[in-house]
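Colleague: Sharing a structure below in structure tokens format, with a few things to ask.
What follows is calculated from the coordinates using simple rules that are stated; it is not laboratory data. The shown structure was predicted, so the numbers you read here are calculated from the model rather than taken from an experiment. Every residue, glycine among them, receives a Cβ derived from its backbone with ideal geometry; neighbour counts consider all protein chains shown.
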Amino acid sequence: MLLRVLKAKLHLATVTRTELNYHGSITIAEDLMEAVGFLPFEQVLIGNCANGARGETYVIRGPRGSGAIELNGAMAHLASPGHRIIVMSFAFAKPRRAARVQPKIAILDESNHIIEQWAGEPADAPGA
């Protein structure tokens, strides 16, 4: 049996642009991708913090240092510029390995600068 576990998360990313007339994806600034370990073309789940809408797409690399969080194609209907979103990727692991997974997490400010970062559970997690 394999379990699907969180691998990486950008928390409270601010959508900087939407482009409906594009063939899909989310563009993420390269430095933000590297901070949590997202790979080009990796599948991600996106959640809109304002309305709870969710969608799946794949990552494409944006300019390093740009703060780019751009929803393209059908994903442009998920959120508008200025909306805060959560971008998550997952991995499959056997139960023993899944219990030891340490996801990379970065919390962003309104300008998509990293304000907090860790791997695994934060010290102030509920129940910690």
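Colleague: In a solvent-free Debye calculation with one equal scatterer on each Cα, what is log10 I(q)/I(0) for the chain at q = 0.18, 0.19 Å⁻¹, listed in the order of the q values?
Modeller: -0.94, -1.03
Colleague: Once both labels are modelled 7 Å past Cα along the beta-carbon direction, what's the Ala98-Leu20 spacing in nm?
Modeller: 4.0 nm
Colleague: Quick check on the range 3-119: of the DSSP beta bridges with both residues there, what percent are antiparallel, nearest 5%?
Modeller: Restricted to the range 3-119, the bridges split so that about 70 percent are antiparallel.
Colleague: So what is log10(I(q)/I(0)) for the range 12-77 at q = 0.15, 0.20 1/Å, when the Debye sum runs over its Cα atoms only?
Modeller: So the normalised log intensities work out to -0.41, -0.74.
Colleague: Please work out, to two decimal places, the log10 of the ratio I(q)/I(0) at q = 0.11, 0.19, 0.21, 0.25 Å⁻¹ from a Debye calculation in which every Cα of the range 43-112 carries one identical scatterer.
Modeller: Debye curve over Cα of the range 43-112, log10 I(q)/I(0) at q = 0.11, 0.19, 0.21, 0.25 Å⁻¹: -0.33, -0.88, -1.01, -1.26.
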